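The next block holds one structure in the form of structure tokens; read it before the comments.
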Amino acid sequence: MPVSVSPGQAGRIISLAGVTLLLVLFIHIYRASESPSSFNGSSKFIRPKQGGSLKGIDPLLNDIQPPTGGKLWGPGEREHANATLLMLVRNSELKDALGSIGDLERTWNQKFKYPWTFINDEPFSEEFKAATTAAVAGEARYEIIPKEHWEVPAWINKDLMDASADYLTDQKVQYSKMVSYHQMCRWNSGMFYKHPALQKIKWYWRVEPKVNFYCDIDYDVFWYMEDFNKTYGFTINLYDSPESITSLWPTTLEFLAEHPDYMHKNNALKWLTDAKNRPEHNQKAGGYSTCHFWSNFEIADMDFWRSKEYEEYFEHLDRAGGFFYERWGDAPVHSIGLGLFADRDKIHWFKDIGYRHAPYFNCPSSPKCKGCEAGRFTFGADVEQEDCRVNWFEYVGLD
């Protein structure tokens, strides 16, 4: 006997079937990605029995030294690597930009004199150019983002974008109605390395206005990355707001269904899918832990973003519309891309670089650091649990 099904019921059945398919796919990918040696983590690190806070037991409380295992190049010992310091900044942010520039020049770049590339979605003022040129030891370059890299794509439905912004605002997602913030997240996720001025450059150190650097760094970080065969360097590792990225992981699984061979054998999948500390995050984000490298600090190889795997992944995300219908940030997008498609052993924690982007710190115990309390993660006790390094240390290690 035929059974009648309403359009609404049919939609729910199809949605349930889709979710079931994604779960089956994920289990297959998860098992296929593991090898006998996978995810042993670091034998030196023991996860806290409860929660993710490292207060009082932070590895940064130990004596922190520069990386070991090979030659670190000091000032004047080698020509520049193919690299730039990179800042996305507006004219109105000049004061905060000068603060960040001053800190990084004082602690590192006065010694190495790498060029700065300043990028804006509108022309820089003469005041901005004069002040920043005077503040840097190397060359200062000023670039404008091509309109086609910044504007909201034609395939985005504006009515749906506006309605989504209202919903996200009700969910207390920050910057939901700030279109320029969504544009910035998309640009940082998959457009910045396409800028004509960066096409021939390999390495970049991302710097944002209103950040601090506390420790003298006496080696060339770009040559460290190249000589030690690293892909990406971070300082801070956090949980994201799951309400802002509810469909990012399911959309990622759709991409993996089409390209299961793109996953690196030595991936960081368990870090991406951990649910021990924040199970509610994992649940709301569809199976994603929401752990991410806080991308306001990045020392990285642009050739990774230019790779076939990442470029196709970004294109898939871009067409899905989540940069505008939700608030997908470049931090989780970069982190998922790295966790899936990069060798996790090529991702480096710069524990020796003292850094702050409010309200979080990376503060090493070192005589080379001033103005930063060793082991402090944040000034706010209510956000201690936002630290996701526990997962990284357990599944990947302390290096």
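The values are calculated or read from the model by the stated rules, or taken from the named source; none is laboratory data. What you see is a predicted model, and the numbers here were worked out from it, not measured in a lab. Backbone-built Cβ (ideal geometry, glycine too); neighbour counts: all protein chains shown. Accessible surface is based on the protein model in full, side chains and every heavy atom, while ligands, DNA and RNA are left aside. Shrake-Rupley method; radii C 1.70, N 1.55, O 1.52, S 1.80 Å.
Whether any residue in segment 257-270 is open to solvent by less than 10 Å² (accessible area, probe 1.4 Å) and touching a Phe, Trp or Tyr at 6+ places or on another chain (Cβ under 6 Å) is what I want to check. No, the conditions are met nowhere in segment 257-270. Counting only helices (runs of 4 or more DSSP H) that sit completely within segment 82-180, those holding 2 or more residues that are under 25 Å from the mean Cα position of the chain (by Cα) and either surrounded by 16 or more Cβ atoms within 10 Å (Cβ to Cβ) or modelled with pLDDT of 95 or more (or both) correspond to 94-104, 147-150, 158-170. Evaluation of Gly375 against the conditions (1) out of contact with any Asp or Glu (no Cβ under 7 Å at 6 or more places or on another chain); (2) over 23 Å from Lys270 (Cα atoms) shows that the sole unmet condition is (1). For segment 158-180, a tally of residues being touching a residue at least 40 places away in the same chain (Cβ under 8 Å) and either among the charged types (D, E, K, R) or under 13 Å from Gly321 (Cα atoms) (or both) returns 4. Looking across segment 324-349 at every residue that is part of a loop (DSSP other than H, G, I, E, B) and in contact with a Cys (Cβ under 8 Å, 6 or more places away or on another chain), the one that is nearest to Ala165 (Cα to Cα) is identified as Arg327. Of the residues making up segment 206-235, those that are open to solvent by less than 40 Å² (accessible area, probe 1.4 Å) and part of a helix (DSSP H, G or I) number 5. Are any of the residues in segment 67-78 at pLDDT 95 or above and either within 30 Å of Met184 (Cα to Cα) or in a strand (DSSP E or B) (or both)? Looking through segment 67-78, none of the residues is at pLDDT 95 or above and either within 30 Å of Met184 (Cα to Cα) or in a strand (DSSP E or B) (or both).
Here is a yes/no grid of residues against (1) in a helix (DSSP H, G or I); (2) at pLDDT 95 or above; (3) among the small types (Gly, Ala, Ser); (4) under 16 Å from Arg327 (Cβ atoms):
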position	(1), (2), (3), (4)
Leu253	yes, yes, no, no
Ala257	yes, yes, yes, no
His264	no, yes, no, no
Asn267	no, yes, no, no
Trp271	yes, yes, no, no
Glu280	yes, yes, no, no
Gln283	yes, yes, no, no
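Please specify each residue of segment 181-205 satisfying the condition of being surrounded by fewer than 18 Cβ atoms within 10 Å (Cβ to Cβ) and either without any contact (Cβ under 8 Å) to a residue 60 or more places away in the chain or more than 11 Å from Met302 (Cα to Cα) (or both). Result: Tyr181, Lys194, Pro196, Ala197, Gln199.
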